[in-house]
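What follows is a single structure, written as structure tokens, with notes after it.
The values are calculated or read from the model by the stated rules, or taken from the named source; none is laboratory data. These numbers were taken from a predicted model, which means no experiment stands behind them. Methodologically, a virtual Cβ is constructed for each residue, glycine included, from the backbone with ideal geometry; neighbour enumeration extends over all protein chains shown.
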Amino acid sequence: ARPRFTLTRRLAADHAARTLRADVAAGLTATPKTLPPKWFYDARGSALFEEITRLPEYYPTRAEREILQARAQEIAALTGARTLAELGSGSSEKTRLLLDALGPGLRSYAPLDVSDSALREAGEALIRDYPRLDVAATVADFESALTLPDTPGPHLLAFLGSTIGNLDAGQRAAFLTAVRAALGPDDALLLGADLVKDAGVLRRAYDDAQGVTAEFNKNVLHVLNRELDADFDPDTFTHRAVWNAVEERVEMHLRSDRAQTVKVKALDLAVDFERDEDLRTEISVKFRRSALTDELAAAGLTVRRWWTDPQERFALLLAFV
Ligand code: AVJ
């Protein structure tokens with residue numbers, strides 16, 4: 001029988017290694033020091049993120065699932081999608097609500113994620129549970145591989161979980177422009193966006209009592225140690241979640257508890273940290289309806305539906321060209 005699950009690396013095998021090296025060389029020599037969040041997600045990081053989504057403090061996953069549960073039928077009716085493409089699909093757990101609602105008209109599911117392990121696990125489970133669905137997975141990051149698969153339309157492009165919050169304003173504009181260029185006249189974008197809310201609620205969502213988010217944050221140091229032969233001692237860094245009220249975003253930082261020099265051998269780089277110096281590992285932008293609608297409009301996308309959970313913590317929007 002024809003294989004129903006395929007996994008493609010869109011980019012050359014050494015692309016990930018090269019971009020990791022370039023990102024780390026640039027980020028650790030910048031002021032302030034930064035690292036892009038996509039490097040959290042090795043197998044352990046992906047598993048820790050799944051654990052985060054079940055924490056009592058981390059409301060976004062549950063809030064978005066509530067909206068999807070309430071609206072999946074409406075989304076199916078409004079889009080009539082025959083192909084569902086998903087950027088940053090992770091475990092594809094919430095995707096099942098869409099797959100169920102789209103029903104037998106849906107021919108193929110095209111998840112794209114940086115995590116090979118997450119795509120494999122999700123893809124294998126999905127072909128077991130959806131015997132008539134083709135799953136064509138791509139290992140890539142959503143910024144460098146934004147094309148729709150060459151499968152029957154209309155296409156529904158889902159970008160859930162407020163992963164768009166990892167992008168700053170300039171990156172969002174470029175990303176939304178690329179989305180606009182990828183969509184045909186009958187295609188649609190389904191976007192999940194976390195909303196501005198009480199600072200304490202936000203901070204606790206990124207600094208949970210069990211310390212899972214702290215482990216997740218420090219996991220990027222383990223990734224650098226393994227992939228780039230670095231010698232970070234994760235025990236000498238403290239996880240911090242900061243609400244940046246000016247930019248309206250949560251930032252995750254790793255603060256060096258002491259002055260120290262870290263070697264990144266594969267880059268022949270020595271990185272000096274002052275005591276209490278922060279390394280910023282993630283931004284998680286929180287959105288407001290009018291500003292986000294304007295950002296989409298500036299990229300040529302019209303918001304047709306805007307749904308929130310009853311507590312208005314999270315929004316799901318459907319946009320067309
Ligand atoms: C997967 C980027 C949406 O920003 O909330 C969770 C990642 N970081 N806890 C987010 C994350 C810390 C998450 N996104």
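For region 189-207, a residue qualifies if it is within 12 Å of the ligand (Cβ to nearest atom) and in a helix (DSSP H, G or I), and the qualifying residues are 202, 203, 204, 205. Considering the conditions (1) closer than 13 Å to residue 84 by Cα; (2) away from the ligand (no atom under 16 Å from the Cβ); (3) crowded, with 16+ Cβ neighbours inside 10 Å, residue 150 is excluded by exactly one of them, (3).
Of the candidates 243, 307, the single residue that is away from the ligand (no atom under 15 Å from the Cβ), on the phi < 0 side of the Ramachandran plot, aromatic (Phe, Trp, Tyr) and in contact (Cβ under 8 Å) with a residue 12 or more places away in the chain is 307. Just one of (1) within 16 Å of the ligand (Cβ to nearest atom); (2) over 23 Å from residue 309 (Cα atoms) fails for residue 65. It is (2).
Those residues that are closer than 27 Å to residue 252 by Cβ, more than 16 Å from the ligand (Cβ to nearest atom) and in contact with a helix residue (DSSP H, G or I) (Cβ under 8 Å, 6 or more places away or on another chain), I need them from region 282-298; list them, please. Residues satisfying the conditions are 295, 296. Pick from region 90-111 the residues that are crowded, with 22+ Cβ neighbours inside 10 Å and in contact (Cβ under 8 Å) with a residue 60 or more places away in the chain: which of them is nearest to the chain's Cα centre (by Cα)? The residue in question is 90. Quick test of your reading of the structure: residue 144 fulfils all but one of (1) touching a residue at least 40 places away in the same chain (Cβ under 8 Å); (2) at positive phi. Name the failing condition by number. Residue 144 satisfies all of (1) touching a residue at least 40 places away in the same chain (Cβ under 8 Å); (2) at positive phi except (2). Against the criterion of being within 13 Å of the ligand (Cβ to nearest atom) and either closer than 18 Å to residue 296 by Cα or within 18 Å of the chain's Cα centre (by Cα) (or both), residue 220 qualifies. Only one of the numbered conditions (1) surrounded by fewer than 17 Cβ atoms within 10 Å (Cβ to Cβ); (2) at pLDDT below 95; (3) within 13 Å of the ligand (Cβ to nearest atom) is violated by residue 19, and that is (3). Looking at region 208-217, which of the residues that are touching a residue at least 60 places away in the same chain (Cβ under 8 Å) and within 13 Å of the ligand (Cβ to nearest atom) is surrounded by the fewest Cβ atoms within 10 Å (Cβ to Cβ)? Checking each candidate, the answer is 210. Screening the candidates 162, 144 for the property of being in contact with an Asp or Glu (Cβ under 6 Å, 6 or more places away or on another chain) and of a type in the set (S, T, N, Q) yields one hit, 162.
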